[in-house]
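Provided herewith is a single structure, encoded as structure tokens, for subsequent inquiry.
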Amino acid sequence: MSGTSHELSCFNLDAFKRVASGLLGVVSGCPSFEVARDRLRARVSQINFDAQCGKDASPSRDLIRMRDCSTVANTVLSERSDARAGFSVAQALWDIAMDRARDDLQPGFFAELIHLIRGLEGRAKVRFLCHIPPEQNLEGRDIAIARSRELDRLWGLVETSMARFSTGLSEDAQARRNARKDRILKAFGGSPSDWGDWTWQLHHVITNVETLQRVVSLDEPERRACAAACANGLPFGITPYYASLMDDEGEGRDRAIRAQVLPPQDYVDFMVRERRDRSHSCDFMLESATSPIELITRRYPAIVILKPFNTCPQICVYCQRNWEIEHAMAPGALASADVIASAIRWIEQRPAIREVLVTGGDPGALSDNLLEGILSQVASIPSVDLIRLGTRTPVTMPMRITDRFARILGSFREPGRRDVVVVTHIEHPYEITMDTVNAIERLRRAGLGVYNQQVFTFFVSRRFESTTLRMVLRQIGIDPYYTFATKGKRETDAYRVPIARILQEQKEEARLMPGTRRTDEAVYNVPGLGKNYLRAQQNRDLLSILPNGSRVYEFHPWEKNILEQDTYVGTDVPILSYLQRLVEIGEDPEDYESIWYYF
């Protein structure tokens, strides 16, 4: 596969037939589909058996890939997969072998099958991330010295790759943002002291495109989509501080920042179309089915989510709960005292619950007194020994993390009895500024651990982009916690990344980091059930490849060996489509070539 969009477009029926001639040949004259399926699976198994048991052994890396491809192919060709996925790859292969027309099969399908067959037959074309020729005829310490030289060269490649991505801590970034801060203050009639006042930031949240255009440069598609979102009453909000992080130059440094808050047109169109029944179409995580009482979500035995405040100072486009929010900092978003007290009594009556995640919405936007009142009620529950506060304010409005705010959180810590931690959501190193650094330092000095959850969207998925974030997070005192696969919500297709890319990132990029920089766990949130740990392949099966190239996965529930629970079938985004999007932003798809062999 070459680094051009033209080469990516060369996956078609003729190319597939050339690669798959051996496999298609065993079924070209089959009298029935059942016989064809049996022959296909037998051929796949035979290829793998011959490779693994033959005298002329292939390189180990090829044998491992052949084994993986054989396992996937046999699953994909099974009757059960046909039934669960609603599509038959075996039928498609037999139809192709019999020269029957199949107008439904698209380039993404042929790309997947071509790579699968190449891998199965030991013909995969995978370029190593780093090419270091081995040094021959060495013994003893000379081997260790040579190995050390290899590692130096490998880390040099990593640093070169990470250097592509700007951080908000660079002098250039700080200068650009100081200039935009001055422009925003002038537009709002504010002073430098106002800027550092979090209540001033709240009172000046940008909620319409007219105000946004006064302080941020928008291209026409961005302006049109934002205007449509506001005109149709979709939640839209950006803090003045966060607006200052957006560049004017259009060089793409701020791509991930803009993607957080500027909705794409297809998102707006979907949300407008589904406005009458968003609770059905947008509740991807099925929180309605895991909410035993108002404000509570419970998917696991010993932890609950408490959601007392149903709004945020800033609206993230792909947030799993933004469809429930009316407006940024909407009046009346705080639940009544009685409802909050009922939820907390419910927790207290269940001593199995040891941990409470207070989130929303963003409770960090509550006043000190209101937040302290809620946390004091949670801390009064005897069984609760850990309180988590979920807030994005360290990156959307870091001036909110005042010394008093940090002291309030820290006051609920009782070493040996109860801990308190903060979980935030920083997507990209360009979001991190000295204001964020100072906010995190205040939390740490109050004895609070700080963790980060990243959503692995398209806009943070380039080679070593998230690795750069991990490096900066640890430098400023934040532990990487989770890397979430983008949820399969139809309205956020523009953000989705194939699971194979997450696995590739974990194995080939995150794995190169020092241990404390790669403590995050890659997960897929299964609707109504909870987190599926992607790092362990036994937690899922690749069931099928749909005509457009989408992989269909069967995710196993976390409690499959504990309680009786059904699996969940979910559809991924096509790898070929993802690679084509990378080409559009200047990436070389050859750099991602091994992606096809992560299942």
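Can you say whether ALA144 is crowded, with 19+ Cβ neighbours inside 10 Å and either over 30 Å from LEU245 (Cα atoms) or among the β-branched types (Val, Ile, Thr) (or both), as far as the supplied structure shows? Please lay out each step first, then the result.
Numbers: crowded, with 19+ Cβ neighbours inside 10 Å: no; either over 30 Å from LEU245 (Cα atoms) or among the β-branched types (Val, Ile, Thr) (or both): yes.
For ALA144, the condition - crowded, with 19+ Cβ neighbours inside 10 Å and either over 30 Å from LEU245 (Cα atoms) or among the β-branched types (Val, Ile, Thr) (or both) - is not met.
Quick grid of which residues meet (1) assigned to a helix (DSSP H, G or I); (2) modelled with pLDDT under 95:
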site	(1), (2)
PHE11	no, no
GLY29	no, yes
ARG41	yes, no
VAL44	yes, no
ILE47	yes, yes
GLN52	yes, yes
ILE64	yes, yes
ALA83	yes, no
LEU93	yes, no
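Taking into account only those residues within segment 147-177 that are part of a loop (DSSP other than H, G, I, E, B) and in contact (Cβ under 8 Å) with a residue 24 or more places away in the chain, which is surrounded by the fewest Cβ atoms within 10 Å (Cβ to Cβ)?
Filtering segment 147-177 for residues part of a loop (DSSP other than H, G, I, E, B) gives 163-170.
Checking the rest, the ones that are also in contact (Cβ under 8 Å) with a residue 24 or more places away in the chain come to 164-169.
Working: ARG164: 11, PHE165: 21, SER166: 19, THR167: 19, GLY168: 24, LEU169: 17.
Among residues in segment 147-177 that are part of a loop (DSSP other than H, G, I, E, B) and in contact (Cβ under 8 Å) with a residue 24 or more places away in the chain, the one surrounded by the fewest Cβ atoms within 10 Å (Cβ to Cβ) is ARG164.
Just a yes or no: is a residue in segment 477-490 over 12 Å from the mean Cα position of the chain (by Cα), modelled with pLDDT under 95 and surrounded by fewer than 22 Cβ atoms within 10 Å (Cβ to Cβ)? Steps first, answer last, please.
Quick first cut of segment 477-490, residues over 12 Å from the mean Cα position of the chain (by Cα) only: 477-481, 489-490.
Next, from what is left, pick out any that are modelled with pLDDT under 95: 489-490.
Now restrict to residues that are surrounded by fewer than 22 Cβ atoms within 10 Å (Cβ to Cβ): 489-490.
Yes: one or more hits.
Name every residue in segment 223-246 that is within 24 Å of the chain's Cα centre (by Cα), under 28 Å from ASP194 (Cα atoms) and in a loop (DSSP other than H, G, I, E, B), in order of residue number.
Looking only at segment 223-246, we keep the residues that are within 24 Å of the chain's Cα centre (by Cα), and these are 225-226, 229, 234-239, 242-243, 245-246.
Going one step further and asking which of them are under 28 Å from ASP194 (Cα atoms), we end up with 226, 235-239, 242-243, 245-246.
PRO235, PHE236, GLY237, THR239, LEU245, MET246 - these are the residues of segment 223-246 that are within 24 Å of the chain's Cα centre (by Cα), under 28 Å from ASP194 (Cα atoms) and in a loop (DSSP other than H, G, I, E, B).
Also, I was wondering about something else. For residues that are polar (S, T, N, Q) and within 23 Å of TRP198 (Cα to Cα), scanning just segment 309-360, find the one that is surrounded by the most Cβ atoms within 10 Å (Cβ to Cβ). Can you show your working first?
Residues of segment 309-360 that are polar (S, T, N, Q), as a first pass: 310-311, 314, 320, 322, 336, 342, 349, 359.
The next check asks that each one be within 23 Å of TRP198 (Cα to Cα); those that pass are 310-311, 314, 322, 359.
Working: ASN310: 18, THR311: 23, GLN314: 26, ASN322: 23, THR359: 21.
Out of the qualifying residues, it is GLN314.
Looking at (1) over 27 Å from SER367 (Cα atoms); (2) surrounded by 15 or more Cβ atoms within 10 Å (Cβ to Cβ), find the lone condition where ALA243 falls short.
So the condition that ALA243 fails would be (1).
The values are calculated or read from the model by the stated rules, or taken from the named source; none is laboratory data. All of these numbers come straight from a predicted model, not from anything done at the bench. Because the Cβ atoms are built from the backbone with ideal geometry, glycine has one as well, and the counts that use them run over all protein chains shown.
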